[in-house]
Structures are given as C-alpha cells and as structure tokens.
1. Just wondering, is there one or more residues in segment A:87-107 that are under 30 Å from residue B:137 (Cα atoms) and buried (at least 18 other Cβ atoms within 10 Å of the Cβ)?
2. Name the residue that is farthest from the other protein chains (Cβ to nearest Cβ), counting only residues in segment B:1-36 that are crowded, with 18+ Cβ neighbours inside 10 Å and modelled with pLDDT under 90.
3. Within segment B:10-25, how many residues turn out to be part of a loop (DSSP other than H, G, I, E, B) and either touching a strand residue (DSSP E or B) at 6+ places or on another chain (Cβ under 7 Å) or in contact (Cβ under 8 Å) with a residue 24 or more places away in the chain (or both)?
4. Looking only at segment B:37-56, which residues are more than 14 Å from residue A:73 (Cα to Cα), part of a helix (DSSP H, G or I) and facing chain A (nearest Cβ under 10 Å)?
5. Within segment B:129-149, count every residue that is in contact with a helix residue (DSSP H, G or I) (Cβ under 8 Å, 6 or more places away or on another chain), more than 9 Å from chain A (Cβ to nearest Cβ) and assigned to a loop (DSSP other than H, G, I, E, B).
6. If residue B:95 passes every condition in (1) within 18 Å of the chain's Cα centre (by Cα); (2) over 30 Å from residue B:132 (Cβ atoms); (3) free of Cβ contacts under 8 Å to residues at least 12 places away in the same chain; (4) facing chain A (nearest Cβ under 7 Å) but one, which one does it miss?
7. Can you say whether residue B:56 is crowded, with 17+ Cβ neighbours inside 10 Å and touching a helix residue (DSSP H, G or I) at 6+ places or on another chain (Cβ under 9 Å), as far as the supplied structure shows?
8. Could you please let me know if residue B:43 is surrounded by fewer than 19 Cβ atoms within 10 Å (Cβ to Cβ), at pLDDT 90 or above and under 25 Å from residue A:61 (Cα atoms)?
C-alpha cells in the first residue's frame, strides 16, 4: 500500500514535462505549414495542459480537476472534427494543404 | 527499478516522441508519433493513479481522434511535393519564441520547484478512480455534462454540413 501511494517522481518533474510538451506544440504551430500537422500540434498543447491538471489534481488529492480534463477532451474531440472538415473543404477548393492558402480570406 | 526511475524514463520518452511529431517530414509519421506520445501520457496518468482518465485518454485520443486524422490523411492522398516548405527564417524565429516561452514558464515556476520537493505522495489515492469521478460528474457537474452533448450534436451537424458542401472555387 505504501508503494501504491507513492507517485514516482516529484511535482517539479511533471511540471517540467508538461511545460516542455506545451513549448514543443507551440514551436510546431509556429514552424509547420501543413494544416494537419498544425492541428496535431494543437492537440499536443491540449494534452500538456491535461497533464498539468491531472498532476495538480493528484498532488492535492482533489478529483475536480480531472472532471475539467474530461471536458477538455470532449471539446478537443469536437474541435478536431470541425477542423478536419474545414481542412477537407479547403483542400477540395484549392488542392493544397498549405496554411498560407487562408491568406486569400484577407482577414 | 524504482518508480522514480520509471517516471523519469517515461517523461523523457514522452518529450522525445513529441519532438519527433514536429520534426518528421511525413504527416503520417507525425500521426504515429503523436499516438505514441498519447500512450506515454496515459502511462503517466496510471502512474499518478488517475485510472479513469488514462482509459479515456487511450480510447478517445489515441483511438478516435487519431484514427480521424489518419483517415483524413489517407483520404487526401498527399504526395511528396505537396508538403509546404518552411523558410529558415521562420524556423529560427519559432525556435527562439518557443524556447523563450519555455524559459519564462520554468522561471516563473521556480518557487514551485523549491517547495514542491516535499510533495511526492498522493494524499487521497482514490481521487482519480471511477467511483469518485462518477459521483462528481453526475451530481455537481451534471449540467455541463448534459450541455456537452449539445456541443457534440452541433459539431456533428457542422462537420457534415462543411464536408458535404458542393464545389465552389476560391479565387
């Protein structure tokens, strides 16, 4: 039981991993031009936030943060669906998955 | 092999596979590395005794969402010369921006690192189990849970509407 209660590494290690994941996702969003890879990097950043929430939830013994992670997963699923369908529509119209294509919207 | 060792190895593998997601040129390889990253994150959840979220993460993320990504990739049938090029300038500036973000967040949380050394045990080990989360989800968070079903219906209708649109040329 003593072994089961032990979480392995300390709090700072999990914070470090989740900050690193978030930064990698941000670098990916800034560098890649491929729309699908861009969406995947957004998923990576969402997962970094989930990891941080679960870490603090376990370290402080409060389950409510895990409910928030559950809702984040729900919203991420909806977001991925809409993003991919917009991508398919854009690909049909312009035969390209370059994100620069959206410059034509003149936003 | 202690739990400390296992979690350090898991963390470094997670970061390595996340790096491979943005470094690999082919999008299908990126998807595969992302699935591997999600499995490592699920393993970390299990290590932190959040069993429900580990299973949900595996089923929803690594199962459903990533299969959706793979399906779209295979549907689009991309070839090598369609991969958009990134300029050296944007690569350089993005690495500087991301590295600065990393450094700023690490520095802001430096005090947490000092005081967090003592916290290495789970206070309430059953916080992440299905029983506790189910009680919370169906009592205090019942209304957001029901509203999320409306969100899903909206997303479903929107996806069908967007993907079935007839051809109209942007130019």
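The values are calculated or read from the model by the stated rules, or taken from the named source; none is laboratory data. Quick caveat, the model's predicted, so the values are computed rather than measured. Positions of Cβ are generated from backbone atoms using ideal geometry, with glycine treated the same way; all protein chains shown enter the neighbour counts.
1. Scanning segment A:87-107, I find no residue that is under 30 Å from residue B:137 (Cα atoms) and buried (at least 18 other Cβ atoms within 10 Å of the Cβ), so the answer is no.
2. Only one residue fits best here, namely B:27.
3. First, the residues of segment B:10-25 that are part of a loop (DSSP other than H, G, I, E, B): B:24-25.
Remaining after also requiring either touching a strand residue (DSSP E or B) at 6+ places or on another chain (Cβ under 7 Å) or in contact (Cβ under 8 Å) with a residue 24 or more places away in the chain (or both): B:25.
Residues in segment B:10-25 being part of a loop (DSSP other than H, G, I, E, B) and either touching a strand residue (DSSP E or B) at 6+ places or on another chain (Cβ under 7 Å) or in contact (Cβ under 8 Å) with a residue 24 or more places away in the chain (or both): 1 in total.
4. Within segment B:37-56, B:37, B:40, B:44, B:45, B:47 meet the criteria.
5. 1
6. The failed condition is (1).
7. Criteria met by residue B:56.
8. Values: surrounded by fewer than 19 Cβ atoms within 10 Å (Cβ to Cβ): yes; at pLDDT 90 or above: yes; under 25 Å from residue A:61 (Cα atoms): yes.
Against the criterion (surrounded by fewer than 19 Cβ atoms within 10 Å (Cβ to Cβ), at pLDDT 90 or above and under 25 Å from residue A:61 (Cα atoms)), residue B:43 qualifies.
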